[in-house]
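This report refers to the structure that appears directly beneath it.
Read-outs: derived from the displayed coordinates by stated rules, not from any lab. These numbers were taken from a predicted model, which means no experiment stands behind them. Positions of Cβ are backbone-derived with ideal geometry, glycine not excepted, and every protein chain shown enters the neighbour counts.
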Amino acid sequence: MVEDYAAFRRVLVSAIQSKAEIQVICEVADGPEAVQKARELQPELILLDIGLPRLNGIEAARQIRNLSPESKILFVSQESSPDIVQAALETGAKGYVVKADVGRELIPALDAVLRGQTYVSKSLSGHGLTNVPDRSAIHLVEMRHGLETRREQGLQSTRHHEVGFYSDNRSLLDGYTRFVGAVLKSGNAAIVVATELHREKLLARLQAYGLDMSATIEQGRYIALDNAETIATFMVNDLPDPVLFSKVTGNLIARTAKSVEGDHARVAACGECAPLLWERGNAEGAVRLERLWDEIARSYGVQVLCGYPQSSFQGRTEGDTFDRICAEHSSVLSW
């Protein structure tokens with residue numbers, strides 16, 4: 001059982017005790033420990049929350065499916081957004097119960113899942129939810145498998161997540177052009193999330209760099225998005241929501257990955273999402289977002305480059321934020 005809220009964990013245990021044939025053999029409160037215990041115990045059934053510390057339940061489920069493929073996963077979460085529920089089911093989970101429905105639906109869900117059937121809370125009916133993975137989920141699994149294989153062969157470093165602090169816009173665009181230009185010239189794909197001005201100027205620079213950007217865009221190897229609009233898709237109460245972030249970026253990376261072929265095909269991303277939060281005065285949001293991007297870099301081998309204006313740190317009172325931001329990156333650059 002994986003649930004970080006102790007009081008609700010007791011509610012679940014109490015409900016399960018009414019089923020004599022089910023024995024709770026382990027209780028954990030965060031994602032990494034859930035993955036570890038699943039690997040060690042190989043349980044028949046796992047009840048899994050989504051909003052877990054350190055590693056969200058959807059990403060934990062993906063890892064558990066690889067390490068304990070016979071374990072049946074039943075999500076029990078307060079999240080009721082169809083997109084989030086679908087993302088959870090696409091991991092291969094057998095069921096999903098909204099926490100508000102636990103009193104009347106947990107036992108029927110347990111019975112169904114243990115019989116090998118799929119169960120979804122009745123309150124979620126009508127959304128066409130399915131536990132059949134779409135092509136986006138499949139592409140992400142393939143990317144992860146390829147990364148793990150390369151690591152086993154000693155061909156892949158742990159992560160590539162750089163931060164660059166730039167003195168002016170010209171320096172930023174020089175850094176982006178080198179980064180994205182090298183990625184595209186090698187036949188790989190790039191995602192840029194930046195302001196409209198930076199996107200326009202970078203496109204012109206990449207064309208001057210010797211790239212046929214019209215063809216590259218048509219191939220789907222270059223995707224440029226607005227940073228403010230992108231952030232809005234996964235922010236909740238001024239902080240990046242790990243589940244929404246995983247859904248948004250996962251789909252984006254998987255869609256981009258379809259444009260490249262080969263065993264060593266790569267996707268790279270650069271831009272100004274966390275830097276925008278920092279410039280808005282949301283230091284905690286910026287650090288947490290960098291942490292989520294670092295997880296993407298580690299999990300899928302995506303090369304990530306973030307650009308911060310040096311001037312944004314001048315006169316700020318959050319003295320430790322600079323160090324915290326740097327700590328979430330594999331290397332620090334100055335342009």
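A compact table of results
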read-out	value
Volume per residue that the Cα convex hull of segment 199-335 spans, once the total is divided by residue count, Å³	128
For Val120, residues with placed amide H under 5 Å, excluding near neighbours	Tyr96
Estimated translational D of the chain in µm²/s (Stokes, Kirkwood radius over Cα pairs; 10 °C; 1.306 mPa s)	75
Between helix 242-257 and the chain: long-axis angle, C-alpha atoms, 0 to 90°, nearest 10	60
Dipole-positive endmost among Tyr209, Gln42, Ala87 within the chain (Cβ charges, Cα centre)	Gln42
Karplus-derived HN-Hα couplings along segment 310-315 (A = 6.51, B = -1.76, C = 1.60, θ = phi - 60°), whole Hz, x at Gly and Pro	4, 5, 6, 9, 7, x
Within a Gaussian network of the chain (alpha carbon springs, distance under 10 Å), most fluctuating of Gly103, Gly95, Gly51	Gly103
5 angstrom amide H check on Met235, placed H, neighbours 5+ away	Asp241
FRET efficiency estimate (nearest 0.05) - Cβ-Cβ, Asp30 to Asp168, R0 45 angstrom	0.60
Under Karplus coefficients 6.51, -1.76 and 1.60, residue-wise ³J(HN,Hα) of segment 14-27 in Hz, glycine/proline x	4, 5, 5, 4, 6, 9, 4, 7, 10, 10, 7, 9, 6, 10
Exposure proxy order (Cβ contacts within 10 Å, fewest to most) of Arg255, Arg288	Arg255, Arg288
Gln42 versus Tyr5: modelled label distance in nm, points set 7 Å from Cα along the beta carbon direction	3.4
Reach of Lys122 by Cα under 17 Å, taken over aspartates and glutamates that are not fewer than 8 positions away in the same chain	Glu79, Asp83, Asp101, Glu105, Asp111
Theoretical ellipticity at 222 nm over the chain - DSSP helices of four or more residues, -39500 (n - 2.57) apiece, nearest 500	-15000 deg cm²/dmol
Likely footprinting exposure, Glu33, Glu284, fewest C-beta neighbours within 10 Å first	Glu284, Glu33
Footprinting exposure proxy for Cys270, Cys306, Cys26 (fewest neighbouring C-beta atoms within 10 Å first)	Cys26, Cys270, Cys306
Segment Glu284-Arg178, length gained on full extension (0.36 nm per residue, minus Cα span)	35.2 nm
Cα→Cβ-extended label distance, 7 Å offset, between Asn66 and Ser123, nm	3.3
Across Lys185/Lys258; Lys37/Lys247; Lys37/Lys94, pairs whose alpha-carbon gap is larger than 21 Å	Lys37/Lys247
Extension reserve of the Ile107-Ile217 stretch, reckoned as 0.36 nm per residue once the Cα distance is removed	34.6 nm
Kirkwood-based shape ratio for segment 30-94, expressed as Rg/Rh from alpha carbons	0.93
Volume per residue that the Cα convex hull of segment 246-288 spans, once the total is divided by residue count, Å³	86
Using θ = phi - 60° and Karplus 6.51 cos²θ - 1.76 cosθ + 1.60, couplings along segment 190-196 (whole Hz; Gly, Pro as x)	9, 10, 10, 10, 8, 5, 4
Global geometry of segment 152-239, whether rounded, prolate or oblate, following the gyration tensor of its Cα atoms and the 1.5 cut on a/c	rounded
Under-5 Å amide H pairs with Leu333, H placed in peptide plane, nonlocal only	Val163, Gly164, Phe165
Kirkwood hydrodynamic radius of segment 6-131, from inverse mean 1/r over distinct Cα pairs, in Å	14.4
Gain in span if fully extended, Arg115 to Cys326, counting 0.36 nm per residue against the direct Cα distance	71.1 nm
Nearest-20 debye value, segment 137-334 charge dipole, Cβ charges on Lys, Arg, Asp, Glu	440
Cα long-axis angle, helix 31-41 against the chain (0 to 90 degrees, to the nearest 10)	50
Rounded tilt (10° steps) of 57-67 against the dominant C-alpha axis of the chain	80
